[in-house]
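These notes are about the structure you will find just below.
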Amino acid sequence: MNKRRLVLFAHGKESGPWGSKIQALAEVAKHYDYRVESPDYSDLPDAKSRVERLLTLFPENPGELILVGSSMGGHVSLAASAALKPKGLFLLAPAIGLPGYAPAPPPIAERTVIVHAWQDDIVPEAKVTAYARYHQTELHLVNSDHRLTSALPFIRLLFEEFLDSFIPQ
């Protein structure tokens, strides 16, 4: 595994650091020779505290960094991208436009991909669509709910293509 290539996961409020989506995408990342890390934020109820922890654990970009965030973790990854300047951001049902959250900052990465669900009852699709449109960000809307479990095979394929796009041609 290449120590200078890292996929850093940030889980959501209701999940843990090694939930089903993270496990599936970590497999893909390892196949592409990335080291994977998934800090536990379960004890922190708000995004701001999670960003602070992330930046304490990883105060600088280790090399080729990919930030992957789900739900609140998506918001955390977006906020951390300003300091860490990752090569890529891969966001799953990111907590954008929710009450109690700071406004979602612009994505700072060479490439950003957002995957969101039409039937998301936690993060309104319209908020994420508007964010993606405003920032000209790649957006994939899938027929699933907030957990995105039914779309996981498709999300794995998207993540493979995403990581593949960083391989020099």
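Among residues of segment 4-60 being touching a Gly at 6+ places or on another chain (Cβ under 8 Å) and assigned to a strand (DSSP E or B), the one that is surrounded by the most Cβ atoms within 10 Å (Cβ to Cβ) is ALA10.
Somewhere in segment 112-125, is a residue among the small types (Gly, Ala, Ser), surrounded by 14 or more Cβ atoms within 10 Å (Cβ to Cβ), at pLDDT below 95 and not in a helix (DSSP H, G or I)? Break it down stepwise before answering.
Keep residues of segment 112-125 that are among the small types (Gly, Ala, Ser), which gives 117.
Of the ones still in play, those that are also surrounded by 14 or more Cβ atoms within 10 Å (Cβ to Cβ) are 117.
From what is left, the residues that are at pLDDT below 95 are none.
The answer is no, given that none of the residues of segment 112-125 is among the small types (Gly, Ala, Ser), surrounded by 14 or more Cβ atoms within 10 Å (Cβ to Cβ), at pLDDT below 95 and not in a helix (DSSP H, G or I).
Beta carbons closer than 8 Å, at least 6 apart along the sequence or on distinct chains, pair a first residue in segment 139-160 that is more than 22 Å from ALA126 (Cα to Cα) and aromatic (Phe, Trp, Tyr) with a second that is open to solvent by less than 70 Å² (accessible area, probe 1.4 Å) and not in a strand (DSSP E or B) for PHE159/LEU25; PHE159/VAL28; PHE159/ALA29.
The values are calculated or read from the model by the stated rules, or taken from the named source; none is laboratory data. None of the values given here were measured: they were computed from a predicted structure. Positions of Cβ are generated from backbone atoms using ideal geometry, with glycine treated the same way; all protein chains shown enter the neighbour counts. Protein only, heavy atoms only, side chains kept; ligands, DNA and RNA dropped before computing areas. Shrake-Rupley method; radii C 1.70, N 1.55, O 1.52, S 1.80 Å.
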